[in-house]
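FYI, it's all coordinate maths here, none of it is from the lab. Note that the structure is a prediction, hence the values are computed from the model and not measured. So basically every Cβ, Gly included, is an ideal-geometry build from the backbone, and we count neighbours across all protein chains shown.
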């Protein structure tokens, strides 16, 4: 049983989520930070009001998780915690099977799960503030990605609809269906198929916005105007996306660097280094996954959050990183042992950083990035190879004929 891949997957996922929950600040009532500026009050209210929609946008349109919580005969906090935990557990399994679909080694499929568990703004933050819709949305996004890869049309329709009912970012899976299955010889047919498969989710998204009118003033164009100016000022170093204590003044170039860092390395962690180090080997794959990497960045121009908005593209980064690891193993630039040491290190290093949310988020990512720089230096010290033979095998698989 110990050598059974599925048993190992279960142990890695269960242990990872258990230790993350054990070493993280869980925002249950009674915690001193519970009444801070968090979104969980909006989602708790949405669950209590269901089936009447919430009064505030955009929470009033994210109906599925609050509906599930409403009908569970238990305390809303406990229900949300276990719903998020189960959703993240399901995400790990889906990532494993997504990588298996693409003929990756068993070790790389397990590595994709460890990378997922190591992404602070994908997993840990959603255990800290567990009363949220993101874990459920992530599950259906990954399910839609899986369905797109195997071209399971009914499953793709169902996953995108349920994803949109959880959070609107799930719509990015529709263009992914097209880019992943792109064929030059059948572009018209694929485009027609993508439109037909994506139309139900788009219809649901539009229907929600037409039928549910929030009490609060919510204007897409007003948000776009305000947050676009805010982001431009952040990029120029004229304002800060972090709270700077009174009396402290930082130069514009430092503010700009910090603001950009939060939307790149600070949100996604050290797997970015892995992708950069192997970019020549995997760059042609970017054209197939770009919707689930780039589209999350559109959110920063209509919302004020930072890392969590960008982290919604985690699936694209993990897929690219898994291909990168496969190429590195194929070319013998790293061994499975070296890969595991690096990945388990970036997971474990976040655990001692606890007792404060700032340590569990900002500091954890910063320490992970130090390990990422060390690993990148190790990779650059090895002689680069080519991964053509591996990718030829990939492109000849039964899902890419």
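Quick rundown of the values:
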read-out	value
Cα pair distances exceeding 18 angstrom across region 70-195, given as percent	58
Within a Gaussian network of the chain (alpha carbon springs, distance under 10 Å), most fluctuating of 336, 271, 319	336
Unit Cα scatterers, Debye sum, region 210-350: log10 I(q)/I(0) for q = 0.19, 0.22 Å⁻¹	-1.14, -1.30
Per residue convex hull volume, Cα atoms of region 1-54, in Å³	135
Length-normalised contact order of the chain in % [C-alpha pairs under 8 Å, at least 6 apart]	19
For region 226-285: rounded, prolate or oblate by the Cα gyration tensor [a/c cutoff 1.5]	prolate
Distance between modelled label sites at residue 380 and residue 31, nm, 7 Å Cα→Cβ extension	3.8
Most to least packed among 31-43, 160-172 [average Cβ atoms within 10 Å]	160-172, 31-43
From the coordinates shown, Kirkwood radius over Cα pairs in Å corresponds to which of (i) 25.1; (ii) 31.7; (iii) 22.1	(iii)
Percent RCO, i.e. relative contact order, over region 263-358, from Cα pairs under 8 Å lying at least 6 residues apart	33
Tail fraction, Cα-Cα pairs, region 1-135, threshold 25 Å, whole percent	34
Prolate/oblate/rounded call for region 23-94, Cα gyration tensor, a/c under 1.5 rounded	oblate
GNM flexibility winner over the chain from 141, 292, 86 (Cα, springs under 10 Å)	86
Choice from 262, 333, 192 with maximal GNM fluctuation in the chain (Cα, 10 Å cutoff)	192
